[in-house]
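Some notes on the structure that comes next.
The values are calculated or read from the model by the stated rules, or taken from the named source; none is laboratory data. Because the structure is a prediction, the values reported are computed rather than measured. Using ideal geometry, Cβ is built from the backbone for each residue, glycine included, and neighbour counts are taken over all protein chains shown. When the accessible area is computed, the model is the full protein with side chains, heavy atoms only, and any ligands, DNA or RNA have been set aside. Shrake-Rupley method; radii C 1.70, N 1.55, O 1.52, S 1.80 Å.
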Amino acid sequence: MLIDTHCHLDWDSFQADLPDVIARAHEAGVQRLLTIGTDVQTSRRAVEIAHQYDAVYAAVGIHPHDAKTADDAALAAIEELAHEKKVVALGEVGLDFFKNYSPHDVQRLAFQKQIRLARRLGLPLIVHDRDAHEETLRILREEGDRHRGVFHCFAGDEKIADEALALGFDLSFTGNVTFKKNDATRAVVRHVPLERIMVETDAPFLAPMPYRGKRNEPAYTVHVAEKIAAVHGVSLEEVARVTSTNAFRLFRFEHFGRRGEIAYGHRSGAKYVNLTSRCSNCCVFCIKQPDFTLGEHYLYLDPDDEPTVQEVLAAVGDPSAYPEIVFCGEGEPTVRWDDMIAIAKELKKRGARRVRLNTNGQAELIHGRALAREMKGAIDAVSVSLNAPDAAEYQRLCRSEFGEQAFAAVTDFIGQAKRYVPEVIATAVTQSGVDIEATRRFAETMLGVAFRAR
């Protein structure tokens, strides 16, 4: 799956063949399209198009070119449109000191007002920044230390990229990354972690090679992704998976405004507990990405809206009704170690027959202290995702934020867990590229624990 996170389907050049444009995108593997408003009229049209096509979502806002139209009535209209179904972002907004179609002070004021509107509505920002890098960043800093959003068609250097990332923004790249003489943009792509990159066309503008000079369209997203894959030295499939995950995380699409399930059923009859969507790994085989679902269950939890201990206990209900309670959700449950242990102990008091932890085994790296002893009496079984027989292979597959030291931490956690938990199992995901038998031998011979391929 690829996602075109920025296109302008309201543009006149699409009116004669828009259904065909969207069909070609689908055929090319582009399964979500985000069409962007630039003033009240185009924002309204973006919403209309989103309602007409299942694959299309909308962003509404007033572009810096049109900032001179951003009076109270226009901003009220944008706010009203922002409440429409399938509107997932505010944008594009920002500063453009290249064409200067609106005075600079007018652009600044419109930008500030829309930043505040996005924050009030809980919508991510889509930022337009052309020849105004320092001023754009200054305004964003003044409006808060942390934001949700993306710098679309990013055109800054590595320093500007780092500053935007530090403010919480992802960076999106378009067809110009394929231009033969655009080494500067490719250098930025190489500098930015793939986990902070999204892809777009900005159609009908900025068509990639080999379509440069022609009308751009969402199907051409694949050419942007191919170039990013080449720059990062990974497969197109990997770029598609990671950038789509990034887009789902930011825009939520069909799940926008919906809180993930806290406790959900499993075919075994067990009750699974979802504490967080945060994780220290970004595994290549994660089945909950890119859309944060597992079967019919939507599991994404905003880091600012994770469930309290009492909410979890209420969601589980009577723990004795289930053969097993399992800490296993969208993210890594041990990120919330203290809450997890408190919940486990209370569940045991309330009659839980068995409490199991599914973990990546990096808890002690995450928290910087020894933790395994605290599982005694609270956790009956631990399943640790080992996934590889050595550090290099583990990092290739699991991509821990802690680098290659993660593997040693995982194996040490398994060894410590054996002292305090009755049952410890090492696991690995069966898929291409995972050496199941080598991992099994390592788990059983070197670590002395049972092994399960899953």
Given bins 5 angstrom wide, list per bin the percent of all Cα-Cα distances in the stretch 369-424, short to long. 4, 21, 27, 19, 16, 12, 2
Express the Stokes-Einstein translational diffusion coefficient of the stretch 1-128 in µm² s⁻¹, to the nearest whole number, given a Kirkwood radius over alpha-carbon pairs, 10 °C and a viscosity of 1.306 mPa s. 108 µm²/s
In µm²/s, what is D for the stretch 307-348 at 4 °C and 1.567 mPa s, where D = kT/(6 pi eta Rh) by Stokes-Einstein and Rh is the Kirkwood radius from Cα pairs? 120 µm²/s
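What do you get when you divide the Cα radius of gyration of the stretch 225-270 by 2.2 N^0.38 Å, with N the number of residues?
Relative to the 2.2 N^0.38 Å estimate, the stretch 225-270 comes out at 1.70.
Write down the Kirkwood hydrodynamic radius of the stretch 125-262, to one decimal in angstroms, obtained as one divided by the mean of 1/r over all alpha carbon pairs. Write down the numbers at each step before the final one.
Details: mean 1/r = 0.0645 Å⁻¹.
Value: 15.5 Å, from the Cα pair sum.
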Going by accessible area, probe 1.4 Å, with all protein chains left in place, what is the ranking of R440, R396, largest first? R396, R440
Cα extents of the stretch 383-452 along the principal axes, largest first, in whole Å, come to 31, 25, 17
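Given the alpha-carbon gyration tensor of the stretch 159-222, what are the semi-axes of its equivalent ellipsoid in whole angstrom, ordered largest first, with each equal to the square root of 5 times an eigenvalue? Provide the component values of the computation, followed by the final result.
Working: eigenvalues 105, 33, 15 Å².
Semi-axes from the Cα gyration tensor: 23, 13, 9 Å.
Per residue, how large is the accessible surface of the chain? Use a 1.4 angstrom probe and give square angstrom.
On the way: 18600 Å² over 454 residues.
On a per-residue basis, 41 Å².
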Which one, A161, A73, I62, is farthest towards the positive end of the dipole of the chain when Lys and Arg carry +1 and Asp and Glu -1 on their Cβ? A161
How big is the stretch 271-350 on each of its three principal axes, counting only the C-alpha atoms and giving the largest first in Å? 37, 25, 19
How many percent of DSSP beta bridges within the chain run antiparallel, rounded to 5? 10 percent
Quick one: helix 337-349 against the long Cα principal axis of the chain, what's the angle to the nearest 10°, folded into 0 to 90? 50 degrees
Using only Cα atoms, find the angle between the long axis of helix 104-121 and the longest principal axis of the chain, and express it within 0 to 90 degrees, rounded to the nearest 10. 30 degrees
Karplus-derived HN-Hα couplings along the stretch 305-314 (A = 6.51, B = -1.76, C = 1.60, θ = phi - 60°), whole Hz, x at Gly and Pro: 9, 6, x, 6, 4, 5, 5, 5, 4, 5
Could you put W337, W11 in order of accessible surface area, largest first, with the 1.4 Å probe and the full protein assembly present? W11, W337
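Quick one, what does Rg over Rh come out to for the stretch 12-87 if you take C-alpha atoms and the Kirkwood Rh?
On the way: Rg = 13.4 Å, Rh = 13.0 Å.
That ratio is 1.03, to two decimals.
Provide S268, S320, S43 ordered by accessible surface of protein heavy atoms (probe 1.4 Å), highest first.
From most accessible down to least: S268, S320, S43.
When the accessible area of the stretch 53-203 is computed with all protein chains present and a 1.4 Å probe, what percentage of it is carbon and sulfur? Walk me through the numbers on the way to the answer.
Values: 3050 of 6010 Å².
After summing per-atom areas, the C and S share lands at 51 percent.
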Take the Cα coordinates of the stretch 339-440, assign each an equal point scatterer, and use the Debye formula without solvent to give log10 I(q)/I(0) at q = 0.10, 0.11, 0.12, 0.18 Å⁻¹. -0.29, -0.35, -0.41, -0.85
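Pairs to check: K345/K418; K271/K345; K86/K271; K227/K288. Give those whose C-alpha atoms are more than 24 Å from each other in this structure. Don't skip to the end; give the middle numbers.
Numbers: K345/K418 19 Å; K271/K345 16 Å; K86/K271 32 Å; K227/K288 26 Å.
Among K345/K418; K271/K345; K86/K271; K227/K288, the Cα-Cα distance tops 24 Å for K86/K271; K227/K288.
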Angle, helix 18-27 long axis vs. longest principal axis of the chain, Cα atoms, 0 to 90°, nearest 10? 30 degrees
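So what is the diffusion coefficient of the stretch 109-175 in µm² per second by Stokes-Einstein at 10 °C and 1.306 mPa s, using a Kirkwood Rh over Cα pairs?
Numbers: Rh = 11.9 Å.
Diffusion coefficient, whole number: 133 µm²/s.
With Kirkwood's inverse mean 1/r over C-alpha pairs for Rh, give me the Rg to Rh ratio of the chain, two decimals please.
Values: Rg = 23.8 Å, Rh = 23.5 Å.
Radius of gyration relative to Kirkwood radius: 1.01.
Report, please, the projected area of the stretch 219-374 averaged over directions, based on the convex hull of its C-alpha atoms, in nm².
Values: hull surface 43.5 nm².
Mean projected area for the stretch 219-374: 10.9 nm², to one decimal.
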Once all protein chains are kept in place, R24 shows an accessible area at probe 1.4 Å, nearest 10 Å², of 90 Å²
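Consider all pairwise Cα distances in the stretch 207-284 and report the whole-number % of them above 14 Å.
Numbers: 2255 of 3003 pairs.
Percentage above 14 Å: 75.
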Which of the listed residues, L121, V449, T38, is farthest toward the dipole's positive end in the chain, when Lys, Arg count +1 and Asp, Glu count -1 at the beta-carbon? V449
